[in-house]
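The structure under discussion appears below in the form of structure tokens.
Just so it is clear, none of the values below were taken in a lab; they were calculated from the coordinates. None of the values given here were measured: they were computed from a predicted structure. We place every Cβ from the backbone using ideal geometry, glycine too, and count neighbours over all the protein chains shown.
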């Protein structure tokens, strides 16, 4: 796997997602039960210019078909919520039965549960976000989206406290030009899109000045 990771990092530097896709799929032909590779492929499929959301979902389901996997359940909910229109009852069940590795994962799964209630039940959405923060208060997006709900309800003081906490939790702010990363890394994807602890400058500024 070491040589494969080196090749992945080299191709990530040039943002050659098509060659990365070929590389991982070729390896999966010989290792069809390699969950790490399926999840790497799932993350890669979300990157432009590929942006093949359905293929990403199919890759994640390869992992879930073999075992209960909290990371896969989390990613599947993310792709459906942000790319394919929402979290349905089946996805919500996947989230609830997932076995988390640690408190951070428990917090993220509860945050993901809040997506199911977005636009349906603001009180349940708020409850999930509050519980996510109570479980582990070191992430960004759960604080930010609870703040947004508070601002809508006129709770400006509480909202500002959460915005400040969200900004305090940011670990890395990077620009597209200066930051090199592994495009296929599930950890890096989660850090940016679900935890929010690693952000682009643009996203960081959007938290500092939320469009309310």
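Among 139, 30, what is the fewest-to-most ranking by other Cβ atoms within 10 Å? Could the numbers behind the result be given before it?
Details: 139 24, 30 8.
Ranking 139, 30 by Cβ neighbours within 10 Å, fewest first, gives 30, 139.
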* Structure fact -> A chain fully extended from residue 187 to residue 65 at 0.36 nm per residue, minus the present Cα-Cα distance, gains in nm 41.8 nm
* Structure fact -> From DSSP H assignment alone, runs of 4+ in the chain each adding -39500 (n - 2.57), the sum over residues rounded to the nearest 500 puts [θ] at 222 nm at -20500 deg cm²/dmol
* Structure fact -> Per-residue Cβ contact counts at 10 Å, fewest first, order 10, 118 as 10, 118
* Note the angle between two axes, namely the Cα long axis of helix 70-83 and the longest principal axis of the Cα atoms of the chain, as a number of degrees from 0 to 90, rounded to the nearest 10. => 70 degrees
* **Extended-chain gain in nm, criterion 0.36 nm per residue less alpha-carbon gap, residue 158 and residue 120** => 11.4 nm
* **Ellipsoid semi-axes in whole angstrom, largest first, where each is sqrt(5λ) of the Cα gyration tensor of segment 1-71** => 20, 15, 9
* **Helix 53-64 axis, angle to the chain major axis (alpha carbon atoms, nearest 10°)** => 80 degrees
* Structure fact -> Put in order of increasing Cβ neighbours within 10 Å, starting from the fewest, 111, 204 give 204, 111
* Diagonalise the Cα gyration tensor of segment 41-131 and give the resulting equivalent ellipsoid semi-axes, square root of 5 times each eigenvalue, largest first, whole Å. => 22, 16, 11
* To do: Do me a favour and compute the ellipsoid semi-axes for the chain from its Cα gyration tensor, root of five times each eigenvalue, largest one first, whole Å.
  => 30, 21, 14
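Set the Förster distance to 25 Å, then compute FRET efficiency between residue 25 and residue 88 from the Cβ-Cβ distance, nearest 0.05.
Here the calculated transfer efficiency is 0.35.
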* Spin-label point model (7 Å from Cα, Cβ direction): what's the residue 167 to residue 137 distance in nm? -> 1.8 nm
* What angle do you read, to the nearest 10 degrees and between 0 and 90, between the alpha-carbon axis of helix 122-135 and the longest principal axis of the chain? -> 70 degrees
* Asked: residue 104 label point, 7 Å along Cα→Cβ, cut-off 13 Å on backbone N: hits in segment 121-151?
  -> 136-140
* Asked: Given a cut-off of under 8 Å on Cα pairs at least six residues apart, what relative contact order in percent is computed for the chain?
  -> 17 percent
